Amino acid sequence: SIPILESTSGYLDFSLNDSLQSIDLPNLKMTGDDLIVSRNSQLQTLRVADVTRINGDLIVNSHQSLELLEFPGLRQIDGAARITYNDFMQELRFPALKDIGHGLTLIHNNALESIDLSEVDSTGMLFFQSNETLNEIRLDGLEWIGSWKGEDEGYVNKSFNLSENPNLRKIELPELKSVESDMRISKNLALKEIGLPNLLEIGGDFELDK
């Protein structure tokens, strides 16, 4: 725990700490750059209760024991959110988050069952792939998806990619109006229902297949 830290001018990086079991930043309000939590083999909880803005990327990747990811007050991520290769996390919730500037990537979170991003209204892109147990996605307020991609990403011209999530049965985006580039929904073997009632514009290709 770092109990009285309120802000940073640069990044925060918690990586490769084999004995670290919890990270608690109860008074952090803002980061000046990235927040990186990576490859901490015993990490079980990450709590950042009061942060409202991350002025960079949020990266949480490669954990075997992480169960709880808690950001109840986070409203804006200026960069990208990349949550990948976390084997034990069952639920992902950002109850106050409105905007993800450069988009959200979720890959190979093998125990993840539900995603609740109900307050998000805009994001640079969405890339959900190979989350084996994922069965619920809530993006109730999402209106716009852009097409940003980072230097290290291979998602060229993909605004929305939902692929290889074998237990996902439905996806509903009730407020989505505009997708800036390609939209791909592919190889989700259990998918039976897609709801896009207000979608007006796709700025690229639309692909749907099993």
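Per-structure values
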item: Every pair of residues 6+ apart whose Cβ atoms lie under 9 Å, when the first sits in the range 177-198 and is at negative phi while the second is open to solvent by less than 60 Å² (accessible area, probe 1.4 Å) and of a type in the set (D, E, K, R); result: S181/K158; D182/K158; M183/K158; R184/K158; R184/D209; I185/D209; S186/D209
item: In the range 55-72, residue farthest from S38 (Cα to Cα) [restricted to those that are open to solvent by 20 Å² or more (accessible area, probe 1.4 Å) and not in a strand (DSSP E or B)]; result: P72
item: Members of the range 21-46 that are of a type outside the set (A, V, I, L, M), under 20 Å from S9 (Cα atoms) and in a strand (DSSP E or B); result: D24, T31
item: Neighbours by Cβ (under 6 Å, 6+ apart or cross-chain): first from the range 126-145, under 20 Å from Q90 (Cα atoms) and assigned to a strand (DSSP E or B); second modelled with pLDDT of 95 or more and hydroxyl-bearing (S, T, Y); result: F127/T105; Q129/S163; E136/S114; R138/S118
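The values are calculated or read from the model by the stated rules, or taken from the named source; none is laboratory data. Small disclaimer: the values here were computed from a predicted structure and weren't measured. We place every Cβ from the backbone using ideal geometry, glycine too, and count neighbours over all the protein chains shown. With ligands, DNA and RNA removed, areas are computed over all heavy atoms of the protein, side chains included. Shrake-Rupley method; radii C 1.70, N 1.55, O 1.52, S 1.80 Å.
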